[in-house]
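Trainee: The structure under discussion is supplied below as structure tokens; questions concerning it will follow.
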Amino acid sequence: MHCRDLRTRGGARRLGRYQRRCGDVDGVVEETLAAFGALDILVNNAGATHVNKPMLEIGEAEFDRIFAINVKGVFLACQAAVPVFRERGGGVIINIGSTAGLRPRPGLSAYNATKGAVHVLTKSLAVELAPDGIRVCAIAPVATETPLLPSFLGSAQGIREKFIATIPLGRLALPQDIANAALFLASPEAKFMTGNIMEVDGGRGV
């Protein structure tokens, strides 16, 4: 399945804001239903991090903000979408986790914890929602070429090159790599997959 297939079959709605309150998320679902008449797939892609630094330097407000976006936002979005999916007889939820939730690196303790929570939430919902025909999977990307990348890697000289050297395929992930994985998980070809944490990491976890 490709992006053009999604356009042909219906449409996709990208919402460029974080949803940290129940009312916000309900509004997003209502907007989507008004625009397309149905909701088939939910991709929870919003995320935030803190600058790479020791855990003793992470303030409480910063910790709360990251958990509110990375974990609470995912949970609320799922709560809003599930009744719609149940009414239509099924659906797909794809949460964006991270290899940081599988193999944590120093300096990102709060972020790492949020992604571990996303992975466990994904598995929990997969078991709970399977009888409703709702599949729930997550994607765990390696460091990806996005505006958040400098915060992940830190500012040490040569850190980018050192990190790339740990990836067998020899590069960081690109947004399209993650999109391709999401398209597969949302497609009929993945209809027997749920609870999976799909690593898109160029072999770094091998």
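The numbers here are math on the coordinates, done by the rules we state, and not lab data. This structure is a prediction, so every number in the text was calculated from the model and none was measured. Glycine also receives a Cβ, built like all others from the backbone with ideal geometry; neighbour counts cover every protein chain displayed.
Trainee: Give me the dipole magnitude in Debye, nearest 20, for the chain about the Cα centre, with unit charges on the beta carbon: positive for Lys and Arg, negative for Asp and Glu.
Mentor: 300 debye
Trainee: Quick one: 64, 26, fewest Cβ neighbours within 10 Å first, how do they rank? Spell out each step's value before the answer.
Mentor: Numbers: 64 12, 26 15.
Fewest to most other Cβ atoms nearby, the residues stand as 64, 26.
Trainee: Could you tell me which of 120, 39, 157 has its Cα farthest along the dipole of the chain towards the positive end, charges placed at Cβ (Lys, Arg +1; Asp, Glu -1), taken about the Cα centre?
Mentor: Most positive-ward Cα: 157.
Trainee: Give a quick list of trypsin sites (Lys or Arg not before Pro) in segment 99-206 that DSSP marks as loop, anything other than H, G, I, E or B, with at most 11 other Cβ atoms within 10 Å.
Mentor: Sparse-neighbourhood loop trypsin sites (Lys or Arg not before Pro): 171, 191.
Trainee: Let me ask you something else. What aspartates and glutamates does residue 72 reach when the alpha-carbon gap must be under 20 Å and sequence neighbours fewer than 8 apart in one chain are set aside?
Mentor: 24, 26, 30, 60, 62, 64, 128
Trainee: Rank these for me by crowding, 152, 36, going from fewest to most other beta carbons within 10 Å.
Mentor: Going from sparsest to densest Cβ surroundings: 36, 152.
Trainee: Can you sort 98, 124 by how many other beta carbons sit within 10 Å, fewest first? Write down the numbers at each step before the final one.
Mentor: Values: 98 30, 124 12.
The fewest-first ordering by Cβ neighbours comes to 124, 98.
Trainee: Would you mind classifying segment 54-206 by shape? Square roots of the alpha carbon gyration tensor eigenvalues, ordered a ≥ b ≥ c; an a/c under 1.5 is rounded, otherwise it is prolate if a/b is larger than b/c and oblate if not.
Mentor: oblate
Trainee: I would also like to ask the following. Pick from 101, 73, 133: which residue has the top mean-square fluctuation in a GNM of the chain where Cα pairs under 10 Å get a spring?
Mentor: 133
Trainee: On to the next question. Return the long-range amide H neighbours of residue 195 (sequence gap of 5 or more, or a different chain), with a cut-off of under 5 Å between placed amide H atoms.
Mentor: Result for residue 195 returns 136, 137.
Trainee: Would you list, by chain and number, the lysines whose Cα falls below 20 Å from the Cα of residue 162, excluding same-chain residues fewer than 8 positions away?
Mentor: The qualifying lysines are 53.
Trainee: Please list, in order, the residues from segment 172-191 whose amide nitrogen is less than 16 Å from a point placed 7 Å along the Cα→Cβ vector of residue 36.
Mentor: 179-180, 182-188
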